[in-house]
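The values are calculated or read from the model by the stated rules, or taken from the named source; none is laboratory data. These numbers were taken from a predicted model, which means no experiment stands behind them. Counting neighbours? That spans all protein chains shown, and the Cβs are built from the backbone with ideal geometry, glycine included. Calculation scope for accessible area: heavy atoms of the full protein, side chains included, ligands and nucleic acids excluded. Shrake-Rupley method; radii C 1.70, N 1.55, O 1.52, S 1.80 Å.
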Amino acid sequence: MDVDTTVSAIVSMEIRGAGKIARAGASALSYFAENYSGTDLAPFMKELNDARDKILGSRPTAVSLWNGVHSTLKDVDTCASVEEAKELIISNAERFNKESLGAVKLIGEMGAKRIQDGDVILTHCNSSAALSVIKTAHAQGKKFRVYATESRPWRQGILTVNELAKEGIDITLIIDSAVRSVMKHVTKVFVGADTITSHGSLINKIGTSQLALAANEARVQFYVCSETYKFSPMTLYGDMVTIEERDQDEVVMGADIDGRVKIFNPVFDSTPGKYIDAIITEVGLISPGSVYNIMVSKLGNVILQN
């Protein structure tokens with residue numbers, strides 16, 4: 001898709017999930033480069049930067065999008081011609097998308113080792129990485145049950161339960177406020193990530209911190225499934241993660257609400273690293289305290305350039 005169509009799809013939630021958003025951003029820049037017809041480098045770079053800013057503005061909290069975009073544009077400022085820049089952007093985007101999809105597979109394989117017969121799993125929202133863990137364990141013949149939250153207001157949990165049901169997994173949908181009630185039956189929690197900060201805090205779908213607190217209280221293992229490109233290099237320098245607030249209509253859904261009523265609709269919340277047992281990444285299981293070193297080693301070149 002072109003840049004404007006991609007931005008519209010991300011804003012309207014047609015494209016959702018941190019990994020899918022990142023790949024969509026990279027692909028949109030690739031599409032821009034492939035279809036650019038001019039030969040003058042200066043206007044090309046100006047339009048490219050405008051496209052970058054539009055894409056990044058579509059989901060400010062998603063560091064996956066930031067990293068996907070900047071990985072796609074890596075070294076483009078060193079190009080001497082439009083043709084050279086176009087080839088580099090297309091190549092970078094293809095590499096990022098391939099590595100992104102490969103990371104989800106690796107996370108599934110490593111995370112599945114943490115699941116045993118008889119486990120009762122709880123997941124939240126609709127995370128490709130977390131679902132990869134669950135589906136991989138099921139494909140290995142392990143017997144377990146899964147609870148999935150509804151994840152209001154967009155009810156991404158409906159996507160999750162349908163996806164798992166098609167795999168033949170024993171799945172139960174619960175309302176978000178039932179988390180503490182079912183936690184007494186749960187043995188492990190697997191969630192995805194939108195952003196992970198340099199000090200190991202998790203920024204994820206609103207309600208994730210509720211799961212973490214309930215799991216901690218019940219002594220239930222809490223795992224985060226995250227590709228390393230969801231680590232936020234901006235937080236190394238003290239930048240705060242922007243918690244996106246969306247339109248109130250998503251909450252009231254046409255209900256008859258007095259106009260004097262205020263609606264607070266944050267998309268994400270923050271879970272401190274002390275509530276996380278491990279982060280499952282494509283480079284292995286790491287502690288929240290290890291995020292800084294992984295971030296510098298994996299994203300150091302991107303950090304230095306930006």
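When Tyr31, Tyr275 are compared by accessible area at a 1.4 angstrom probe, the order from most to least is Tyr31, Tyr275. Each residue was assigned an accessible area with a 1.4 Å probe, and for Met1 the value is about 110 Å².
Working from the alpha-carbon coordinates of segment 64-140, get Rg over Rh, Rh being the Kirkwood radius.
Reported Rg/Rh, Kirkwood definition of Rh: 1.21.
Starting from the Cα of Ala42, step 7 Å toward the Cβ, then list every residue of segment 72-99 with an amide N under 20 Å from that point. Of the residues in segment 72-99, 76-86 have backbone N under 20 Å from the label point off Ala42. Please work out whether segment 116-184 counts as rounded, prolate or oblate from its C-alpha gyration tensor, where a ≥ b ≥ c are the square roots of the eigenvalues and a/c under 1.5 means rounded, while otherwise a/b larger than b/c means prolate and anything else oblate? In terms of gyration-tensor shape, oblate. Beyond 32 Å in Cα-Cα separation lie the following of the pairs Lys46/Lys262; Lys143/Lys205; Lys113/Lys230; Lys143/Lys298: Lys46/Lys262; Lys143/Lys298. Rolling a 1.4 Å probe over the heavy atoms of the protein chains gives the chain an accessible area of 46 Å² per residue. The accessible-area ordering, largest first, of the residues Ser290, Ser297, Ser270 stands as Ser297, Ser270, Ser290, per a 1.4 angstrom probe.
Which whole number of Å³ per residue matches the convex hull of the alpha-carbon atoms in the chain? Walk me through the numbers before you get to the answer.
Values: hull volume 43.4 nm³, N = 306.
In the chain, the Cα hull volume divided by residue count equals 142 Å³.
Subtracting the Cα-Cα distance of Ser8 and Ser177 from 0.36 nm times their residue separation leaves 57.7 nm of extension gain.
Surface calculation, 1.4 Å probe, protein heavy atoms: Trp66 sits at approximately 40 Å² accessible. The residue among Val261, Asn216, Thr197 whose Cα reaches farthest toward the positive pole of the charge dipole of the chain, with charges on the beta-carbon of Lys, Arg, Asp and Glu, is Asn216.
The length gained on full extension between Glu109 and Lys20, counted as 0.36 nm times the residue separation minus their Cα-Cα distance, comes to 30.1 nm. Going by accessible surface with a 1.4 Å probe and the largest first, His70, His138 read His138, His70.
Summing Cβ point charges (Lys, Arg +1; Asp, Glu -1) relative to the Cα centre of segment 175-306 gives a dipole of roughly 580 debye.
Using label points projected 7 Å from each Cα along Cα→Cβ, tell me how many nm separate Lys184 and Val283, to one decimal. Using points 7 Å along Cα→Cβ, the separation is 4.2 nm.
Using a/c under 1.5 as the rounded threshold, could you call segment 188-306 rounded, prolate or oblate? The axes a ≥ b ≥ c are square roots of the C-alpha gyration tensor eigenvalues, and prolate needs a/b larger than b/c, oblate otherwise. The shape class here is oblate. If you plug the beta carbon distance of Glu217 and Glu167 into 1/(1 + (r/R0)^6) with R0 = 30 Å, you get a FRET efficiency near 0.50. For a quick check: with amide H placed at 1.01 Å from N, whose amide H comes under 5 Å from Glu244's, ignoring anything fewer than 5 positions away on the same chain? Here the answer is Thr61, Val267, Phe268, since their amide H atoms fall under 5 Å of that of Glu244.
Annotation: amide H of Arg152 within the under-5 Å range of Asp176, sequence separation 5 or more or interchain, hydrogens built in the peptide plane. In the context of the full protein assembly, Tyr229 retains an accessible surface of approximately 20 Å², using a probe radius of 1.4 Å and ignoring ligands and nucleic acids. For segment 55-197, the Stokes-Einstein estimate of translational diffusion at 37 °C and a viscosity of 0.692 mPa s comes to 192 µm²/s, using the Kirkwood hydrodynamic radius over alpha-carbon pairs. Extension gain, Glu99-Lys142: 0.36 nm per intervening residue step, less the Cα-Cα distance, totals 12.7 nm.
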